[in-house]
Amino acid sequence: MADRPAITLPDAVRECVLNNMRLKAAAERVSMAQADYITESLIPNPQLLVDAQLLPVSIINFDNQAGPPQYDALVTLPVDWFVFGKRVAAQAAARLNVDAAQAEFADQLRRQIALTVDSFYDALEADLALKLAEQDLDALRTLETVAAERAKADNKSTLEQRRVRLAILDTQREIRKRRAAAETTKSKLQANVGRPPDTPDFVVRGTLAVRATAPALTPNEAWALAERFRPDLIAAQRGVAAAESSVERERRRGLPQVAVTSGVDFQDQKRITGFRNASLWTVAVNTSLPFTDRNQGRVLGAQASVRMAAATLGALTADARAEVEQAVAEYTEAVNGVTGEDVTSLRTAREVRAETLAAYRAGDKDLVDALDAERAYRDRLRNTLANLADYWQALNHVNAAVGRRVLTAAEADRDSLLDDARPKDAAPPK
């Protein structure tokens, strides 16, 4: 176990940012939007036409005139992208799409980091719960030893010894369940950080102990931060702007397509008419006549996209507000869990357990009392562990809900909870 590499919370977040496949896919969507911007920024290519006209199919000369043959080299330059501002409108829409894609990537990053932090604390809680169950087993074995010593002088204690043995079997089953839970949570963490399935086993290293809680935000304060910093709200706002810009782009695409053609012509006539061969030049303007097709369908589609984007922003704003309020309420309850009566009750349960075990050793208490005291203390300890994990996850949820790390709290040593739970004569967990 000592040879397994450890992963800390900063390690998990860093690996998530670098290796998570969902983030890599979101980053490619940004690249695609940037590629679209480059495409819209390009000036249309000119077209070259080289032809030969009036070529004879029979013999022609001065007496049998035709033609004369003509050879042309013409270059056509589209100019509607400049005249009607089509390229500028397309660039503006594409640029806003890039901004929206970048905000969507930031939101995916926010969500994925929040999931990684949650799964890290789940794995850490499961690891500590497993160690507490193992300590519970050690305590019961100690109780079994005391019962065996009492059995030498009292036949009734033989029954107590068997009852302790049944409690040990139950605890061993609990250990197996907690070990499976620890592996499950580590698998989720491994997936969130982007490690492949065949990655070597690892251990989580961190702390759940809270040295100081961060002051809670009011819902209005949290929402004001969310409006400024939440990437999904920013992405939705940029999406509305991009949709509005696409309407103008489609309108301009419905304007005439205009191209200017110019080139040189050569007439091969000397052998036919006797006149010298002529070198000439041509200029022409070619334009479409948008009488029927003025890109009406795409304009209507772009207008529908604006309405859809605005509705999406409204729905997202409502959901985000609810998420922020829920996160604030969750954090307030989590703070109460780590600062309220649970801390005092754990201390009381520990003192009751120690006093009851000492009385049982002296023969003043029955085994039922010792088992009840041990069970009550372990239940309090597990509740405290759950409260600590809930606090760190609630803190993470508030930061994720507002889109920024605004609440921070000091952490204590990882083993402080285990030290508090460990009997004074027990060895530290390995």
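A few points about this structure:
- Take every Cα pair under 8 Å whose residues are at least 6 apart in sequence, average their separation, divide by the length of segment 317-402, and the relative contact order is 50 percent.
- Computed log₁₀ I(q)/I(0) - Debye formula, equal Cα scatterers, no solvent, segment 163-315, q 0.09, 0.10, 0.11, 0.13 Å⁻¹: -0.77, -0.83, -0.89, -0.98
- Taken per residue, the accessible surface of segment 138-287 reaches 58 Å², heavy atoms only and a 1.4 Å probe.
- For the chain, calculated [θ]222 nm from helices alone, where every DSSP H run of n ≥ 4 adds -39500 (n - 2.57): -23500 deg cm²/dmol
- Placing W281, W392 in order of accessible area, with the largest value first and a 1.4 Å probe, yields W281, W392.
- Accessible carbon and sulfur surface of the chain relative to its total accessible area, %, 1.4 Å: 55 percent
- Which labelled figure in [x] 34.4; [y] 27.2; [z] 22.4 is mean projected area of the Cα convex hull in nm², once derived from the coordinates: [x]
- For the chain, size of Cβ-based charge dipole, Lys and Arg +1, Asp and Glu -1, in debye: 520 debye
- Counting Lys and Arg as +1 and Asp and Glu as -1 over every other residue whose Cβ lies under 15 Å from the Cβ of A327, the net charge comes to -4.
- Rounded to the nearest 10 square angstrom, K188 shows an accessible area of 130 square angstrom against a 1.4 Å probe.
The values are calculated or read from the model by the stated rules, or taken from the named source; none is laboratory data. Being a predicted model, the structure only gives us computed values, none of them experimental. Every residue, glycine among them, receives a Cβ derived from its backbone with ideal geometry; neighbour counts consider all protein chains shown. With ligands, DNA and RNA removed, areas are computed over all heavy atoms of the protein, side chains included. Shrake-Rupley method; radii C 1.70, N 1.55, O 1.52, S 1.80 Å.
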